[in-house]
Amino acid sequence: MSQHDWLAIDAGTAPMVRAHELRFAWERFVGDLVSGREDEDDDPEILREAIADSWRRSYAAGVDPTGARLAPVVADEHETHDRWEGHPLGTSAPLIHECLSAIADEAGYLIVVSDATGLLMSIEGGAGVRLRAASDMNFAEGTLWSEPGAGTNAIGTALAVDHAVQVFGPEHFSDPVQRWTCSAAPIHDPDTSELLGVIDLTGDLSTVHPHSLAVATATARAVEASLEIVIRERDARLHARYGDRVTPGRAALVAPSGRAITGLPPGWGVAGRLALPPGGGALTLPSGAPAVAEPVSQALEAFVVHAVEAHTTTRPRPLLKLGFLGRDRATLDLDGRRTELRPRLAEILALLCAHPHGLSAEALCAGLHGDGGSVSSVRVEVSRLRKLIGPWIDTDVYRLTCDVESDVRRVEGLLAAGHVRAAAEAYAGPLLPGSDAPGVEREREHLDAWLRQAVMTAEDPEALWAWVRSPGGAEDLGAWKRLLSQLEFRDPRRPLCAARVGELRRATLM
């Protein structure tokens with residue numbers, strides 16, 4: 001498509017004349033869609049290809065062009081505030097205001113930021129315009145302005161096509177929105193290239209001007225540039241903190257996205273990013289050589305990736321594969337052998353995995369026993385563990401010195417990367433559910449709370465479905481209710497979901 005297809009109007013066109021042309025085209029187009037006909041001879045000078053395609057998508061998604069169903073509210077005030085506070089674009093609010101406030105004040109525009117789903121997180125502008133937008137078309141924080149949610153509009157269409165776009169008056173698919181004009185540009189994460197959200201300028205249709213699209217696009221690029229600066233500064237801190245763990249030519253410090261922070265050895269054959277397993281663990285390099293990604297900290301902020309050397313005169317570092325989720329007796333896979341661990345040894349390994357920098361004997365004792373434990377008994381248990389896995393536990397400060405891969409780290413890695421559905425599907429249940437060790441309980445509650453918050457805010461019914469089918473989510477009334485509200489009417493899971501909501505409600509009244 002040409003640049004013309006993304007711009008609704010040029011400076012020499014009278015807005016009301018253009019609006020009348022578009023309204024006629026909209027009425028004919030909607031009539032043809034409803035009757036099952038589709039006119040392929042629409043004048044491209046009147047109806048842009050990008051808008052015609054968006055109308056078709058909106059109709060296929062079930063959006064009512066008459067506006068009988070306005071954009072849905074998907075988050076209340078508190079949830080929307082929390083999303084905005086925790087969103088990567090929230091830190092860019094001052095920059096967005098600086099770039100757009102002048103044109104917004106002059107033309108009476110609203111400055112709007114949505115997330116990647118189309119949920120409106122922030123709306124800034126005059127009270128009168130905000131009230132009218134909320135009244136006319138339910139344009140308010142917490143509403144969903146994706147194309148399936150609200151039909152053709154600059155925010156939803158920019159998300160659908162991943163391109164900046166201006167939508168004017170009757171180009172909107174829903175009738176109540178046709179009194180407005182909007183220009184929106186998507187913003188991408190400079191690290192992962194994933195879509196973060198959209199910046200939008202919305203105002204009365206009489207204020208339409210081609211400059212609004214240019215300004216929105218320039219602001220989006222400025223935000224991406226500022227985010228890239230933050231990434232480079234973070235890389236520098238990670239390099240200074242963990243660079244000494246990297247052996248030049250044999251290992252590399254790598255971001256969770258697979259982007260190299262230090263130089264990658266040329267023999268690895270990596271072009272671009274390195275594909276890391278979520279949470280770290282074993283991987284195969286493009287060269288075909290085996291390697292391991294070791295997280296530098298519990299926050300999974302970076303990984304040291306090192307190739308596994310096939311020929312060495314010293315004993316090679318083993319890869320410890322651990323399963324903690326949904327089981328009281330954790331499993332340990334080492335050198336092709338699987339062992340079920342005694343509960344105390346499982347608890348020690350769970351705590352050491354959660355603290356890769358290590359724990360003192362006193363801290364490990366507190367994590368296992370609280371205030372009533374004996375440090376000497378902990379030392380005995382660690383000695384038993386060393387007999388099982390070899391000399392791969394430092395004893396000055398208890399720390400695993402071998403490579404580790406665990407189901408807990410996998411779920412945490414998926415959550416950290418924003419892959420909520422995959423995290424919920426990989427979650428087999430609470431961490432060592434039978435353990436009452438204080439440190440294990442803290443780690444268990446942390447993971448469960450993180451996963452539940454993620455699935456409850458992801459607007460993904462499949463993620464919710466995976467959560468409520470897990471031991472941790474089976475009794476979660478709030479999650480079952482949220483799932484029921486998100487499932488399509490004909491979804492065969494709805495009867496089960498409705499029945500489960502009723503059961504849990506009755507149980508709370510008993």
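The values are calculated or read from the model by the stated rules, or taken from the named source; none is laboratory data. Owing to the predicted nature of the structure, the values given are computational and were not obtained by experimental measurement. Positions of Cβ are generated from backbone atoms using ideal geometry, with glycine treated the same way; all protein chains shown enter the neighbour counts. Keep in mind that these areas ignore ligands, DNA and RNA; they rest on the heavy atoms of the full protein, side chains included. Shrake-Rupley method; radii C 1.70, N 1.55, O 1.52, S 1.80 Å.
Residues checked against (1) aromatic (Phe, Trp, Tyr); (2) open to solvent by 40 Å² or more (accessible area, probe 1.4 Å); (3) assigned to a helix (DSSP H, G or I); (4) touching a Pro at 6+ places or on another chain (Cβ under 6 Å):
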| residue | (1), (2), (3), (4) |
| --- | --- |
| Asp105 | no, yes, yes, no |
| Ile111 | no, no, no, no |
| Ser114 | no, no, no, no |
| Ser122 | no, no, no, no |
| Arg132 | no, yes, yes, no |
| Ala140 | no, no, no, no |
| Ile155 | no, no, yes, no |
| Thr181 | no, no, no, no |
| Thr192 | no, yes, no, no |
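When you scan segment 351-362, do you find a residue that is on the phi < 0 side of the Ramachandran plot, touching a Cys at 6+ places or on another chain (Cβ under 8 Å), in contact (Cβ under 8 Å) with a residue 12 or more places away in the chain and part of a loop (DSSP other than H, G, I, E, B), even just one? No; the residues of segment 351-362 include none that is on the phi < 0 side of the Ramachandran plot, touching a Cys at 6+ places or on another chain (Cβ under 8 Å), in contact (Cβ under 8 Å) with a residue 12 or more places away in the chain and part of a loop (DSSP other than H, G, I, E, B).
Within segment 293-313, the residues that satisfy the criterion of being outside any loop (DSSP other than H, G, I, E, B) and either in contact with a Lys or Arg (Cβ under 8 Å, 6 or more places away or on another chain) or surrounded by fewer than 18 Cβ atoms within 10 Å (Cβ to Cβ) (or both) are Pro295, Val304, His306, Ala307. Scanning segment 160-174 for residues that are among the β-branched types (Val, Ile, Thr) and outside any strand (DSSP E or B) yields one hit, Val161. Ala185 falls short on exactly one of the conditions (1) in contact (Cβ under 8 Å) with a residue 40 or more places away in the chain; (2) closer than 23 Å to Ser54 by Cα, and that condition is (1).
Against the criterion of being over 18 Å from Leu100 (Cβ atoms), surrounded by fewer than 22 Cβ atoms within 10 Å (Cβ to Cβ) and in contact (Cβ under 8 Å) with a residue 24 or more places away in the chain, Val177 does not qualify. Among the candidates Leu238, Leu213, the residue that is out of contact with any Lys or Arg (no Cβ under 8 Å at 6 or more places or on another chain) and farther than 24 Å from Ile187 by Cα is uniquely Leu238. Taking the listed residues Gly413, Gly434, Gly418, Gly429, the one that is in a loop (DSSP other than H, G, I, E, B), under 30 Å from Glu459 (Cβ atoms) and modelled with pLDDT of 90 or more is Gly429, with no other qualifying.
The set of residues from segment 1-30 being open to solvent by 30 Å² or more (accessible area, probe 1.4 Å) and at pLDDT 85 or above comprises Met16, Val17, His20, Glu21, Arg23, Phe24, Glu27, Arg28.
For segment 34-53, state whether one or more residues are surrounded by fewer than 17 Cβ atoms within 10 Å (Cβ to Cβ), modelled with pLDDT of 90 or more and farther than 28 Å from Ile231 by Cβ. Yes, the conditions are met somewhere in segment 34-53. Only residues that are of a type in the set (Val, Ile, Thr) and modelled with pLDDT under 95 were counted across segment 156-180, and they come to 0. Give the residues of segment 463-494 that are at pLDDT 90 or above, open to solvent by 60 Å² or more (accessible area, probe 1.4 Å) and closer than 22 Å to Gly149 by Cα, sorted by residue number. Selection gives Lys481, Arg494.
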